[in-house]
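The values are calculated or read from the model by the stated rules, or taken from the named source; none is laboratory data. Everything quoted here is computed from the prediction, not taken from an experiment. FYI the Cβ positions are ideal-geometry reconstructions off the backbone, even for glycines, and counts take in every protein chain you see.
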Amino acid sequence: MYKPIHLVPANTRIDFMRFHKPAFVLSVIMVLGSFVLLFTKGLNFGIDFAGGVAMEVQQEQPVDLAQLRGQLDSLKIGEITLQTFGQPNDVLIRIPQQAGGDQATQEAVAKIKASLGDKWQYRRTETVGPKVGSELKGSALWASIGAMFAIMAYVWFRYEWQFGINALLALFHDCVTTVGLFSLTGMEFNLTTVAAVLTIAGYSVNDTVVIYDRIRYDMRRYKTMPLKELINHALNSTLSRTTITSGLTLLSVLALAIFGGEVIRGFSIAMIWGIVIGTYSTICVATPLLLYMHLHRIRGKDEKAADKAAAEKKAAPGTVARRGT
């Protein structure tokens, strides 16, 4: 007979709540460390936010980036960023915003074209001014804040206010640590990264809502079960779903990171971190915090106990009442 394969055994009983306090400490350290990095080291903003010029160029032969970088650095027009994408002969050149304004920026573009010569094809040139970059920073920040509060409002309406607050804290934890990762590694932070942060927020809350739904169901079913034990039961009940969903999503994003090229590598790395930290925050932050939120529970007999009593009564052999004499 066919037997289904279970990645997580049905009788798994992991005591997640045993480690929730050390997990809280680790989360606080990661969030504070991210803020320290942001205020001291900052972010490596891409052209979307810092302003500058992006040039997409192509030649017939594969490009030697080291040689090309040395050639362009000799022009003394700032820190130029090079990356290949698509084919080995396609190069994206990013030129930082020049101090002299638009005229100086156009002169820098002309210097690069003169240095490259006629063997290159100039397929695309985009310019982003510092004012536009500043506006995009503000828009990205407000978009992220708006998304998190909208998610909190939904969870609040769907469950109770305690669930909404905890979901917001978990989202804040995930987004801040993702931005902190980019500050730590120095990877370019651009609009694509912002899209990854918002995607992480949606992914994280999806996993959180599944576990919250199970907790609410168990609260109605096991009215006398201690809350700590009930949360452990809910986490173990949904562990198989969490493992499969996170694992398959992680495999897909790993494929993007390995084979997707430099253009989407930042997005892929942000998503890999987001899947890991989102799963962690759901199990170790958003759910354990319910212990301290004074959840309202309906008291009464457990449905489990009532079902067990009914089953025992049904299974018991029938008795014949004796007539009195």
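Please go through the range 195-217 and pick out each residue that is β-branched (Val, Ile, Thr), under 27 Å from PHE45 (Cβ atoms) and surrounded by fewer than 22 Cβ atoms within 10 Å (Cβ to Cβ).
If the condition is that a residue be β-branched (Val, Ile, Thr), under 27 Å from PHE45 (Cβ atoms) and surrounded by fewer than 22 Cβ atoms within 10 Å (Cβ to Cβ), then THR199 is the only one that fits.
Restricting the search to the range 165-224, which residues are more than 13 Å from the chain's Cα centre (by Cα), among the acidic types (Asp, Glu) and under 25 Å from LEU32 (Cβ atoms)?
GLU188
Which is in a helix (DSSP H, G or I), under 23 Å from VAL285 (Cα atoms) and in contact with a helix residue (DSSP H, G or I) (Cβ under 7 Å, 6 or more places away or on another chain), of THR199, THR193?
Values: THR193 fails: under 23 Å from VAL285 (Cα atoms).
Every option except THR199 fails the conditions.
Within the bounds of the range 145-152, is there any residue that is in a loop (DSSP other than H, G, I, E, B) and more than 30 Å from LEU82 (Cα to Cα)? Break it down into steps so the answer makes sense when it comes.
Of the residues in the range 145-152, the ones in a loop (DSSP other than H, G, I, E, B) are none.
Within the range 145-152, not a single residue is in a loop (DSSP other than H, G, I, E, B) and more than 30 Å from LEU82 (Cα to Cα).
Quick one: which residue in LEU239, LEU235, LEU251 is modelled with pLDDT of 85 or more and farther than 21 Å from ALA196 by Cα? Step through it out loud before you land on a result.
Values: LEU239 fails: modelled with pLDDT of 85 or more; LEU251 fails: farther than 21 Å from ALA196 by Cα.
Exactly one residue qualifies, and that residue is LEU235.
When you scan the range 133-140, do you find a residue that is modelled with pLDDT of 80 or more, under 27 Å from ASP48 (Cβ atoms) and touching a Gly at 6+ places or on another chain (Cβ under 8 Å), even just one?
From the range 133-140, those modelled with pLDDT of 80 or more are none; that's our starting set.
No - not one qualifying residue is present in the range 133-140.
Quick check: anything in the range 149-156 under 30 Å from LEU43 (Cβ atoms), at pLDDT below 80 and among the hydroxyl-bearing types (Ser, Thr, Tyr)?
yes
Out of the residues in the range 163-193 that are at pLDDT below 85 and closer than 30 Å to THR81 by Cα, which is surrounded by the fewest Cβ atoms within 10 Å (Cβ to Cβ)?
Residue satisfying both the conditions and the ranking: GLY186.
With respect to GLY51, determine if the residue is of a type outside the set (Val, Ile, Thr) and modelled with pLDDT of 80 or more. Before the answer, list the steps.
On the way: of a type outside the set (Val, Ile, Thr): yes; modelled with pLDDT of 80 or more: no.
Criteria not met by GLY51.
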